[in-house]
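The values are calculated or read from the model by the stated rules, or taken from the named source; none is laboratory data. On a predicted model such as this, the values are computed, not experimentally measured, just so you know. Reconstructed Cβ throughout: ideal geometry from the backbone, glycine too, with neighbour counts over all protein chains shown. In case anyone asks, the SASA skips ligands and DNA or RNA and just uses the protein heavy atoms, side chains included. Shrake-Rupley method; radii C 1.70, N 1.55, O 1.52, S 1.80 Å.
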Amino acid sequence: MKISELKPTALWSFFENITRIPRPSKHEEKVLAWLRSFAQESGLEYRQDAAGNIVIRKPAQNSSSTETVILQSHVDMVCEKDSDVKIDFLNDPIEAYIDGNFIKAHGTTLGADCGIGMASALYVLDSKELSHPPIEALFTVDEETGLTGAFSLEADMLTGKRLINLDSEDEEQVFIGCAGGIDTVASFHAERQETPKGAVAVKISVGGLCGGHSGDNINSGLANANLLLARVCHELKKEIPLFIADIDGGNLRNAIPREATVTLAVEPSQIPFIESTVKKIEKAAKAEYHRTETSLKITAEKGGEISGKVLCAELSGRLIDSIFTAVNGVTAFSQDIEGFVETSTNLASIKIKGDEIVISTSQRSSIDSKKEWLSDMLKTHFESFGATVWQSDGYPGWAPVTDSPIVEKTVEAYRKVYGRLPQVKAIHAGLECGLFLAVKPELDMVSIGPDIKNVHSPSERLDIESTVKFAEVLETLLASL
């Protein structure tokens, strides 16, 4: 069965088309062109601002309401893949398929974040039967790598005062607030030396991890590949000097890293000790993550001679110690909402880029002062190891408003569809809503979406039944507005 044959067919056809359009962050030209074509072919008014954001307007339908509702989603997707998958995210489509009650992708992220949000907005714009007030469908760019579209949104792009964000990933949950975020990036100058005479290569790899969203999944008990790799190296350097030829872990600031590797230059006599250490750490890690990381593996692979220079032992050790001792994960839970993550940090990636070794981390908090404090803590931490540290400007959180009219309408729509009340809560992830308030302080907002699991990883999957229910909730909500 094809995805486009699911019901409602218009919704699923839009989603299937979206998966076929390459749309990595900062490379959204093709999907933006497709949106413009849709508006033109549908006879709908649209506007695109200098940043690339597009708003498509549709008059009220089967409704006397004159109060515009904004449907908002972002057009870019996180592009992650399994190491053995060959794909050019700039040109190749996502290979999406149906597996039971889920839609998945073959070895890559699916892009349901926020592809299903886009499809839902287009479904409303395209329908001739639904009842709804005037609609402004806002499609923003580059949400995943900096929220630059929302940061640059022009004040006169929107006229509506009610906004439904379609970028949430949890069924029967209505979100009324989100965390703010900031990036802290450490850079070490790559001091190199000649490879020790007679040294051979040993590649240590951490893999098989689930990965996931660095906000939504940060409290899910998942392993961080970069930290596991540093743990192995830290154990090794108790007995042998480390000469790092290469190190590579994680990819994206907003994803928990699934894979990490380091290539060491070692004496052949040291290989048995390395292999036994790797086995010891792997056994311990499997026991520690026996429920959440059932496919975890740490391996040591012997190679040949190393060509070129390696990082000196002093820098190699300093680099590993900076990673090994870096704070990571949840640092505080909310004092007001039981079980809600308030503040966290993610050690996202380690890369050698020319003469620099770059470690990227991201901090989130629903309290700005906690976010800034944690970021400064990491800055001080990496500087103490000799790194140069850069911090982003960050983005604001969205403070919950519990007596919001649109929240009340949304809760009622869920009650009508599900026969019970949804959870109303904040989310420990970055949504663009806080930035929209900077442009239009009078906005009344809510964020909803269907069930999407393991976003920002190749294990991402979209629940079909949940999506159908979500479409019904959206239809009900718009009719009530």
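Residue by residue, region 172-185 carries 3J(HN,Hα) couplings of 6, 10, 10, 9, 10, x, 8, 7, x, x, 7, 9, 10, 10 Hz when phi is fed to the Karplus relation 6.51 cos²θ - 1.76 cosθ + 1.60 (θ = phi - 60°); x denotes Gly or Pro.
Distance between the 7 Å Cα→Cβ label points at ALA438 and LYS297: 4.5 nm. At what distance in angstrom do the alpha carbon centres of region 184-228 and region 1-68 lie from each other? Rounded to whole Å, the Cα centres lie 39 Å apart. One decimal place: the segment SER65-LYS286 gains 73.8 nm when fully extended, by the rule 0.36 nm per residue minus the C-alpha distance. Here the spin labels are modelled as points 7 Å beyond Cα on the Cα-Cβ line, and at SER220 and HIS27 they lie 2.5 nm apart. Largest accessible area first, the listed residues THR292, THR388, THR66, THR410 line up as THR66, THR388, THR292, THR410 when surface is computed with a 1.4 Å probe on the assembled protein chains. Set the Cα radius of gyration of the chain against 2.2 N^0.38 Å, with N its number of residues, and you get 1.04. Projecting label points 7 angstrom from Cα along Cα→Cβ for LYS425 and SER480 puts them 2.1 nm apart.
Under 5 Å from the amide H of ALA199 lies no amide H of any residue 5 or more positions distant or on a separate chain, with H modelled from the backbone and absent for Pro and chain starts.
Rounded to the nearest Hz, the phi-derived 3J(HN,Hα) couplings of region 229-244 under the Karplus curve 6.51 cos²θ - 1.76 cosθ + 1.60 (θ = phi - 60°) are 5, 5, 5, 4, 5, 5, 5, 5, 6, 5, 10, 9, x, 9, 10, 7, where x marks glycine and proline.
Scanning residues 5 or more positions from VAL424 or on other chains, those with amide H under 5 Å from its amide H are VAL174, with H placed 1.01 Å from N in the peptide plane. In this Cβ point-charge picture (+1 for Lys and Arg, -1 for Asp and Glu), the chain has a dipole of about 820 debye about its Cα centre. Couplings for region 307-323, taken from phi via the Karplus curve 6.51 cos²θ - 1.76 cosθ + 1.60 with θ = phi - 60°, read 8, x, 8, 10, 5, 5, 4, 4, 5, 4, x, 5, 4, 5, 5, 5, 6 Hz in order; Gly and Pro are left as x.
Relative contact order of the chain, taken over Cα pairs closer than 8 Å and 6 or more residues apart, is 23 percent.
When nucleic acids and ligands are ignored and a 1.4 Å probe is applied, LYS286 ends up with an accessible area of around 90 Å².
Amide H contacts of VAL455: HIS213, each under 5 Å away and 5 or more positions distant or on a separate chain (H built 1.01 Å from N in the peptide plane; Pro and chain starts excluded). Helix 271-288 against the longest principal axis of the chain: what's the angle in degrees, Cα atoms only, rounded to the nearest 10? The angle comes out near 30 degrees. Exposure check, 1.4 Å probe, all protein chains in place: PHE273 carries approximately 60 Å² of accessible surface. Across the accessible surface of the chain, with the other protein chains kept in place and a 1.4 Å probe, carbon and sulfur atoms take up 48 percent. Projected onto its three principal axes, the C-alpha set of region 289-437 covers 67, 36, 27 Å, listed from the longest axis down.
Entry comment: accessible area of the chain is 40 Å² per residue, from protein heavy atoms only and a probe of 1.4 Å.
Sorting TRP398, TRP390 by solvent-accessible area of protein heavy atoms yields TRP390, TRP398, largest first, with a 1.4 Å probe.
Accessible area ranking (1.4 Å probe, heavy atoms, ligands and nucleic acids excluded), largest first, for THR261, THR294: THR294, THR261. Region 78-126 and region 272-300 have Cα centres spaced 31 Å apart. Partners of LYS2 within straight-line reach, counting lysines whose Cα lies under 20 Å from its Cα and excluding those fewer than 8 residues away in the same chain: LYS104, LYS469.
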